[in-house]
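Note sheet for the following structure.
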Amino acid sequence: MTGPSPGYSVIKTSTLAHLDAHYFAPLSGMRDIAAGLLDEWGHDSADHPELVAQMEVELSGALVETAADLMRDAGLRDLRIEPAPTTPAPAAG
């Protein structure tokens with residue numbers, strides 16, 4: 001068996017499923033917000049489907065980044081990257 005082709009990485013199927021569910025798909029409701037913003041500016045969002053799709057992705061990313069910043073500001077660590085310290089079990093006495 002050979003390794004992955006140059007320029008590609010291999011990840012577990014479960015990791016891909018997690019990424020697909022949480023990171024690769026836009027957040028629900030962002031398409032409506034994008035359309036609402038265009039409407040607010042006086043444009044018919046139906047005339048700009050590609051822009052609405054692009055805005056949906058950008059708005060999702062901005063929301064996730066803002067939420068992550070707020071969690072960090074509250075002192076929370078991303079436990080996926082920086083696991084919580086383990087406390088050693090007390091010595092048997």
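The values are calculated or read from the model by the stated rules, or taken from the named source; none is laboratory data. This structure is a prediction, so every number in the text was calculated from the model and none was measured. A quick note on method: Cβ atoms are made from the backbone with ideal geometry, for glycine too, and the neighbour counts reach across all protein chains shown. Please note that ligands, DNA and RNA were not included when accessible areas were found on the heavy atoms of the full protein model with its side chains. Shrake-Rupley method; radii C 1.70, N 1.55, O 1.52, S 1.80 Å.
For segment 65-93, a residue qualifies if it is aliphatic (A, V, I, L, M) and at pLDDT 85 or above, and the qualifying residues are Ala67, Ala68, Leu70, Met71, Ala74, Leu76, Leu79. Check whether at least one residue in segment 74-86 is of a type outside the set (D, E, K, R) and within 16 Å of the chain's Cα centre (by Cα), and report yes or no. The answer is yes, given that some residue of segment 74-86 is of a type outside the set (D, E, K, R) and within 16 Å of the chain's Cα centre (by Cα). Based on this model, can you work out whether Ala34 counts as at pLDDT 85 or above, of a type in the set (A, V, I, L, M, F, W, C), part of a helix (DSSP H, G or I) and touching an Asp or Glu at 6+ places or on another chain (Cβ under 6 Å)? Criteria met by Ala34. Take the residues in segment 52-72 that are more than 10 Å from Pro26 (Cβ to Cβ), more than 10 Å from the chain's Cα centre (by Cα) and of a type in the set (D, E, K, R); name whichever of them is least open to solvent (accessible area, probe 1.4 Å). Checking each candidate, the answer is Asp69.
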